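S.K.: Have a look at the structure that comes next, please.
The values are calculated or read from the model by the stated rules, or taken from the named source; none is laboratory data. Predicted model only: the values in this text are computed from it and were never measured. Note that we place each Cβ from the backbone using ideal geometry, even for glycine, and neighbour counts take in every protein chain shown. Just so you know, the surface numbers come from the protein's heavy atoms only, side chains and all, with ligands and any DNA or RNA stripped out. Shrake-Rupley method; radii C 1.70, N 1.55, O 1.52, S 1.80 Å.
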Amino acid sequence: MKWKNRQYGQESPHIPAGPFKIRLPFIHYRFEWPDYIQGLLMCAVDLAAIPLLMELLGMPFEVALAIVVLNGLFYLLHHLLGDPAVPGWITPAIPLIMLYCQQFPEGPERVHALISFQLTLGILSLFLGATGLASKVVRYIPPAMKSGVILGAGLAAVISVFQIGGRFEDFPWTISIAIGIGFYLLFSKHFITFQNRNRFLGMIAKLGIFPVILLAVFVAPIFGEAPWPKIEWGFSSPDFITLWNEYTVFGLGFPPLMMFLTALPTVLAAYIVLFGDVLQTKVLVEDAQSGRPDEKVEYNPSRAHWIFGIRNSAMSILGPDVTMAGPSWTAMQVVMVERFKKGRKAMDSFYGGVGSFRWGTNTGLLLLPIVSLVEPILGVAMALTLLVQGYVSVKVGVLESRSQKDLGAAGIIGAVLCIKGAAWAFAVGIILCFLLYGKDFFKGEVDDTFTKDATPQDQNQEKKVS
């Protein structure tokens, strides 16, 4: 057990492998049972992808479960190859991807659209990771366009829940109650004061949206919006045979080249959202490092690009997934950071924490009691995920703007994105930025919109941070 020999301030033991650092459980890191148990329960969030796949591709539950299980296995690559992150979906991009794929008729053509989209995103990520160009690509996109894409993604997430035929029509009471409590637990200053005083409430706060999903299991049947769960025992039965015969290149053949070209604008929009998660993960890992100098934890964006590039490329072939393979599950990354900061007794190594958690979610996906418990309210779980992500994306999208002109352009770009898709949004964005900024197309302008209400003390603090 090499993990016991780690010296103060050193990295955890690993096997060097080019850009990767291989770490195996029990050998290179201590298995963290609290994080494993938490993962068993939090697999309910991973299962929320099932109704999306059923809706978009018309696939049976067991086939969608097979895709979720495959995705779960690829989650393990991050910590095994040296990336200190709890990987997840590209959640804000999900409505954009669904909007893009729904332009094609349901059946083989729509599956081909999803395959070509995910493979293009995977290859783009691998290229940017290998060349180190990731930050430069995003840097050359005008702030108004970045703001509009992220803002539009957030609005699209909310629209997908409340539109005619959306999930709110099926679960109005459950979603209303659950999202109200969820927003209180996640974003309320009032609750923060309580969680800091009460250990039990603090534990609930660290579980992200899982307590709300568990609450929905009981609320939905009470209001007659879903049946009571029928707990089944044994192991789940993902249907890989049907998946590979009817929903992958093995059964349908390779998509035509034109589909890859058609996907490019939406792929770029998804990548802009994805890169925001990369930056956020880097900040969170640096926060973890500042609280635990005994272990050197390094976040390398290029390595992260390699890994989620591999995941997207592989999933596009083995089981195309509308949620895509993203660099981080932000809510759980925060939970891991906070546990890590409590000291070596609580979590010996950060890689042990994030790894044990993802081993737990993989185990949970195979346990029928857990799958059957949350199956009736998976639509609610997905709606909650989209609404929380919508809230965050709108906030982040607005803050990407640097002036009132940016905000106005972003609003138009975001609205076009929701209605017409990414290709139209980029075209409108390019025209608007040229009309508004001319030769300053890439720079835009900075006014006092975001500082006019700040006190001199706030402004000085901002200067220190930047």
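S.K.: Does Gly39 satisfy the condition of being small (Gly, Ala, Ser) and modelled with pLDDT of 90 or more?
M.R.: Working: small (Gly, Ala, Ser): yes; modelled with pLDDT of 90 or more: no.
So Gly39 fails the test.
S.K.: Could you check, for region 317-330, whether at least one of its residues is at pLDDT 95 or above, under 21 Å from Leu279 (Cβ atoms) and open to solvent by 10 Å² or more (accessible area, probe 1.4 Å)?
M.R.: Scanning region 317-330, I find no residue that is at pLDDT 95 or above, under 21 Å from Leu279 (Cβ atoms) and open to solvent by 10 Å² or more (accessible area, probe 1.4 Å), so the answer is no.
S.K.: Please pick out the residue among Ile159, Ile164, Ile150, Ile141 that is of a type in the set (A, V, I, L, M, F, W, C), under 30 Å from Tyr437 (Cβ atoms) and open to solvent by 40 Å² or more (accessible area, probe 1.4 Å). Full working, then the answer.
M.R.: Details: Ile164 fails: under 30 Å from Tyr437 (Cβ atoms); Ile150 fails: open to solvent by 40 Å² or more (accessible area, probe 1.4 Å); Ile141 fails: open to solvent by 40 Å² or more (accessible area, probe 1.4 Å).
Every option except Ile159 fails the conditions.
S.K.: Let me ask something else about it. Kindly indicate whether any position in region 343-356 is out of contact with any Asp or Glu (no Cβ under 8 Å at 6 or more places or on another chain) and more than 18 Å from Gly39 (Cα to Cα).
M.R.: yes
S.K.: Condition test on Leu257, is it open to solvent by 20 Å² or more (accessible area, probe 1.4 Å), closer than 29 Å to Gly107 by Cα and either of a type in the set (S, T, N, Q) or in contact with a helix residue (DSSP H, G or I) (Cβ under 7 Å, 6 or more places away or on another chain) (or both)?
M.R.: Numbers: open to solvent by 20 Å² or more (accessible area, probe 1.4 Å): yes; closer than 29 Å to Gly107 by Cα: yes; either of a type in the set (S, T, N, Q) or in contact with a helix residue (DSSP H, G or I) (Cβ under 7 Å, 6 or more places away or on another chain) (or both): no.
Taking the combined requirement at face value, the residue does not satisfy it.
S.K.: I need a count of the residues in region 201-240 that are out of contact with any Asp or Glu (no Cβ under 7 Å at 6 or more places or on another chain) and either modelled with pLDDT under 80 or β-branched (Val, Ile, Thr) (or both).
M.R.: 15
S.K.: Does region 283-291 contain any residue that is of a type in the set (S, T, N, Q), without any contact (Cβ under 8 Å) to a residue 12 or more places away in the chain, closer than 30 Å to Val354 by Cβ and part of a helix (DSSP H, G or I)? Steps first, answer last, please.
M.R.: As a first pass, look at region 283-291 and keep what is of a type in the set (S, T, N, Q): 289-290.
Still in the list and also without any contact (Cβ under 8 Å) to a residue 12 or more places away in the chain: 289-290.
Cutting the leftovers down to closer than 30 Å to Val354 by Cβ gives us 289-290.
When the remaining residues are screened for being part of a helix (DSSP H, G or I), the result is 289-290.
Yes, region 283-291 has at least one match.
S.K.: Filter region 411-426 for residues that are aliphatic (A, V, I, L, M) and under 15 Å from Ala270 (Cα atoms) and give the result.
M.R.: Here is the first cut: in region 411-426, the residues aliphatic (A, V, I, L, M) are 412-413, 415-417, 419, 422-423, 425.
Ile413, Leu417, Ala422, Ala423, Ala425, listed by residue number.
S.K.: Right, next: Could you please tell me which pairs satisfy a Cβ distance under 8 Å, a separation of 6+ or placement on different chains, a first residue in region 173-189 that is free of Cβ contacts under 8 Å to residues at least 24 places away in the same chain, and a second residue that is part of a helix (DSSP H, G or I)?
M.R.: Taking only residues 6 or more apart or on different chains, the pairs are Tyr184/His190; Tyr184/Phe191.
S.K.: I've got another one for you. I'd like the full set of residues that are surrounded by fewer than 24 Cβ atoms within 10 Å (Cβ to Cβ) and touching a Ser or Thr at 6+ places or on another chain (Cβ under 7 Å), limited to region 64-74.
M.R.: Gly72
S.K.: Pick from Leu268, Leu279: which is part of a helix (DSSP H, G or I) and free of Cβ contacts under 8 Å to residues at least 24 places away in the same chain? Spell out how you get there, then give the answer.
M.R.: Details: Leu268 fails: free of Cβ contacts under 8 Å to residues at least 24 places away in the same chain.
One residue alone meets the criteria, Leu279.
S.K.: Checking Pro60 against (1) buried (at least 21 other Cβ atoms within 10 Å of the Cβ); (2) closer than 17 Å to Leu318 by Cα: exactly one of these is not met. Which one?
M.R.: (1)
S.K.: Every residue in region 338-376 that is charged (D, E, K, R) and open to solvent by less than 10 Å² (accessible area, probe 1.4 Å), please.
M.R.: Start the filter on region 338-376 by keeping residues that are charged (D, E, K, R), which leaves 338-339, 341-342, 344-345, 348, 358, 375.
Passing the criteria: Asp348, Arg358.
S.K.: Determine whether Glu338 is of a type in the set (D, E, K, R), at pLDDT below 90, touching a Phe, Trp or Tyr at 6+ places or on another chain (Cβ under 8 Å) and not in a loop (DSSP other than H, G, I, E, B). Break it down into steps so the answer makes sense when it comes.
M.R.: Values: of a type in the set (D, E, K, R): yes; at pLDDT below 90: yes; touching a Phe, Trp or Tyr at 6+ places or on another chain (Cβ under 8 Å): no; not in a loop (DSSP other than H, G, I, E, B): yes.
No.
S.K.: Quick one: which of Val392, Val396, Val388 is modelled with pLDDT under 85, within 26 Å of the chain's Cα centre (by Cα) and under 23 Å from Lys136 (Cβ atoms)? Break it down stepwise before answering.
M.R.: Working: Val392 fails: under 23 Å from Lys136 (Cβ atoms); Val388 fails: under 23 Å from Lys136 (Cβ atoms).
Of Val392, Val396, Val388, the one residue that is modelled with pLDDT under 85, within 26 Å of the chain's Cα centre (by Cα) and under 23 Å from Lys136 (Cβ atoms) is Val396.
S.K.: In region 188-228, what count of residues is obtained for those that are in a helix (DSSP H, G or I) and either of a type outside the set (A, V, I, L, M, F, W, C) or out of contact with any Gly (no Cβ under 6 Å at 6 or more places or on another chain) (or both)? Full working, then the answer.
M.R.: Residues of region 188-228 in a helix (DSSP H, G or I): 189-197, 199-205, 210-222.
Remaining after also requiring either of a type outside the set (A, V, I, L, M, F, W, C) or out of contact with any Gly (no Cβ under 6 Å at 6 or more places or on another chain) (or both): 189-197, 199-205, 210-211, 213-222.
Adding up the residues that qualify gives 28.
S.K.: Considering only residues of region 432-465 that are part of a helix (DSSP H, G or I) and hydrophobic (A, V, I, L, M, F, W, C), which is modelled with the lowest pLDDT? Don't jump to the end; show me each part of the working.
M.R.: Kept after step one, since they are part of a helix (DSSP H, G or I), are these residues of region 432-465: 432-440, 456-465.
Subsequent filtering for residues that are hydrophobic (A, V, I, L, M, F, W, C) retains 432-436, 465.
Working: Leu432: 91, Cys433: 90, Phe434: 89, Leu435: 90, Leu436: 89, Val465: 37.
Among those residues, the one meeting the criterion is Val465.
S.K.: For Ala415, only one of the following conditions fails: (1) at pLDDT 85 or above; (2) farther than 30 Å from Ile213 by Cβ; (3) open to solvent by less than 40 Å² (accessible area, probe 1.4 Å). What is its number?
M.R.: Ala415 satisfies every listed condition except (3).
S.K.: Of the numbered conditions (1) open to solvent by 10 Å² or more (accessible area, probe 1.4 Å); (2) closer than 25 Å to Val337 by Cβ; (3) among the β-branched types (Val, Ile, Thr), Val86 satisfies every one except a single condition; which is it?
M.R.: Condition not satisfied by Val86: (1).
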